[in-house]
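Each remark here refers to the structure printed beneath this line.
The values are calculated or read from the model by the stated rules, or taken from the named source; none is laboratory data. All values reported here derive from a predicted model rather than from experimental measurement. Backbone-built Cβ (ideal geometry, glycine too); neighbour counts: all protein chains shown.
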Amino acid sequence: MAKFYVQSGTLKAIVDSADAQRAALWAVHQAMQQIAPIEDSSGHNRDRSHVDCFSTSAQPNFISLGDTILLSEIGFDHDDHLSVDTFEAFREWHSLWHALEKLDSLM
């Protein structure tokens with residue numbers, strides 16, 4: 001797994017991820033968990049992400065993403081970053097979340 005430096009709005013984290021797209025989805029997932037925590041039928045939080053986060057500084061109480069998610073394998077604030085539109089990452093996250101909910105209802 002690669003290490004990605006993820007920045008958007010108030011989020012600044014180092015994430016182990018298979019690729020930049022998954023790291024961007026992880027960022028959206030962290031923000032959405034604050035609003036609508038994903039729980040299983042027993043009431044336990046089920047974080048389906050397979051990405052580890054290591055905080056680089058004290059995280060704010062509430063993650064607010066900006067218009068873009070910046071991802072770099074070198075470090076924060078580098079010119080080599082990949083820029084992902086937050087709304088597009090959210091749309092993909094939502095589709096995946098909806099598919100998982102559908103699968104869960106079939107079980």
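Check Gly9 against each of (1) under 12 Å from the mean Cα position of the chain (by Cα); (2) modelled with pLDDT under 95 and name the one condition it does not meet.
(1)
If we keep just the residues of segment 1-27 that are free of Cβ contacts under 8 Å to residues at least 40 places away in the same chain and among the hydrophobic types (A, V, I, L, M, F, W, C), which is farthest from Thr86 (Cα to Cα)?
Within segment 1-27, the first condition is being free of Cβ contacts under 8 Å to residues at least 40 places away in the same chain, and the residues that meet it are 1, 15-19, 22, 26.
Then keep just the ones that are among the hydrophobic types (A, V, I, L, M, F, W, C); that gives 1, 15, 18, 26.
Details: Met1: 23, Val15: 17, Ala18: 19, Trp26: 11 Å.
The extreme case among them is Met1.
In this structure, does Ile69 turn out to be over 26 Å from Ala36 (Cα atoms) and either of a type in the set (A, V, I, L, M) or in a loop (DSSP other than H, G, I, E, B) (or both)?
Here the answer is no, as Ile69 does not meet what is asked.
Please determine, by comparing only the residues of segment 61-107 that are surrounded by 12 or more Cβ atoms within 10 Å (Cβ to Cβ) and of a type in the set (Asp, Glu), which one is modelled with the lowest pLDDT.
Asp104
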